[in-house]
Amino acid sequence: RIQEKVGNTRSAANIASSYLVRAMSKDEKLYVDRFGLKTLLLALSKSRDLEHARTARRAWEQIEKQQSNAGEGRGGVKCHNGDADLLLDSDLCNLVLLAYGRASENGSMENSQAIADEALSFLSQRIRQHSEGGVSAILPILPTVVGFSAVLASLGQGNMADDALRLLRIMRALGEDHAVPNIEPDDGCYISIMVGLARSRTEDAAPQALKVIRRMKEDSGTVSTAALNAAINSCARTVGSPIARRRAIEVAFEMFRFGREGKSCVDVVTYGLMIRTCIELTDDDGVRFRLVEPLFKLCAKSGLVGDMVVKEVKHFKKRLVGDRQLLPVGWTMNVKDK
């Protein structure tokens with residue numbers, strides 16, 4: 001029934017939730033194997049409903065409890081062959097956290113904070129079990145970097161960058177000191193935090209993104225172009241007081257200089273986002289032009305005047321481009337996709 005609802009994620013999640021809630025609330029044998037459980041959790045992970053994320057968590061914890069009792073039946077979800085120890089794995093753990101990640105995209109910053117706290121609570125239990133040696137011979141089961149990234153994004157959207165940075169340290173320790181596979185932070189982890197910060201649209205998203213960029217430089221020795229662009233986008237989406245917006249512009253230029261002076265490859269998206277930041281966060285056309293003009297000239301000198309840059313400067317196109325029907329070749333020579 002779930003597979004019939006591929007095009008309707010809400011209906012598929014409702015079916016999965018109904019099945020699991022019934023299985024966990026009645027003392028009857030509702031059979032499920034790994035493929036069935038994965039299908040159920042996958043459906044829940046695509047929903048934006050917090051209750052669906054909570055159902056995924058309860059299902060995981062119910063089966064985990066059975067595993068701690070060596071598969072002895074005590075009601076709830078049961079493996080079709082009686083061996084519950086074979087059900088749970090890191091990929092399924094990822095799906096529980098992805099369900100929380102999707103739910104956090106569908107609400108205010110306050111809701112995102114509450115959802116991030118729930119996701120972090122679930123993850124902390126897994127980490128604590130790992131530290132204590134697990135609850136059975138087969139556990140502990142930790143998510144991979146995919147599940148951790150979902151939590152990092154939720155923390156970012158909840159404006160909880162410090163918590164996200166602490167989680168990065170835990171991931172690094174688990175990977176380096178405990179040899180847990182597929183868990184050490186990669187570029188995507190840092191980007192996930194900044195994507196969340198951009199969604200939060202808070203007054204201090206920009207300085208928090210700068211903090212993440214600095215940590216990435218410290219941890220990895222470099223900052224990727226994608227990460228730099230995600231950080232600048234956090235600045236562009238800042239809302240709030242004039243002071244907060246002015247601070248976001250200052251932070252964006254600090255990031256921009258950081259990218260140009262370091263090993264980051266500044267690209268057409270970087271310039272486009274910088275110009276967008278200057279235009280979106282200022283109200284006076286004179287101020288806007290004084291910020292945008294030097295950026296555009298530097299962009300043209302670098303051969304990176306692509307479609308995004310042209311779109312962002314449309315308000316000043318006449319003043320920056322003149323009456324040219326076609327842009328000079330030198331302005332676009334380094335644009336990969338013109």
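The values are calculated or read from the model by the stated rules, or taken from the named source; none is laboratory data. These figures come from a predicted structure and were not determined experimentally. Cβ coordinates were reconstructed from backbone atoms using ideal geometry, including for glycine residues, and neighbour counts include every protein chain displayed. Accessible surface is based on the protein model in full, side chains and every heavy atom, while ligands, DNA and RNA are left aside. Shrake-Rupley method; radii C 1.70, N 1.55, O 1.52, S 1.80 Å.
Table for the structure above
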read-out	value
Gained length - GLU250 relative to LYS26, 0.36 nm times residue gap less alpha-carbon distance	74.8 nm
Reachable aspartates and glutamates, given that their alpha-carbon falls under 13 Å from the alpha-carbon of LYS211 and they are not under 8 places away in the same chain	ASP162, ASP163, ASP219, GLU254
Residues of the chain: accessible area per residue with a 1.4 Å probe, Å²	47
Protection proxy ranking, peptides 53-65, 140-152, average beta carbon neighbours within 10 Å, highest first	140-152, 53-65
Accessible surface of the chain [probe 1.4 Å, protein heavy atoms]: carbon and sulfur percent	49
Whichever aspartates and glutamates have a C-alpha closer than 15 Å to that of LYS314, once near sequence neighbours (fewer than 8 apart) are set aside	GLU280, ASP285, GLU293, ASP323
Cβ-placed point charges (K, R +1; D, E -1), dipole of the chain about Cα centre in debye, nearest 20	1140
Of LYS217/LYS311; LYS311/LYS336; LYS217/LYS317; LYS217/LYS297, pairs whose Cα-Cα distance is over 25 Å	LYS217/LYS311; LYS217/LYS317; LYS217/LYS297
Highest average packing first - 313-325, 188-200, 211-223, 9-21, Cβ atoms within 10 Å	188-200, 9-21, 211-223, 313-325
Folded to 0 to 90 degrees: helix 242-261 orientation relative to the chain principal axis, Cα	90
Proximal charge balance of THR277 [Cβ under 10 Å; K/R count +1, D/E count -1]	+1
Selected from THR202, THR39, THR238 as most flexible by GNM, with the chain as the system and alpha-carbon contacts under 10 Å	THR39
Tilt relative to the chain, helix 205-220 - C-alpha long axis, 0 to 90 degrees, to 10	80
Value of relative contact order over the chain, rounded to a whole percent, pairs C-alpha under 8 Å and six or more apart	10
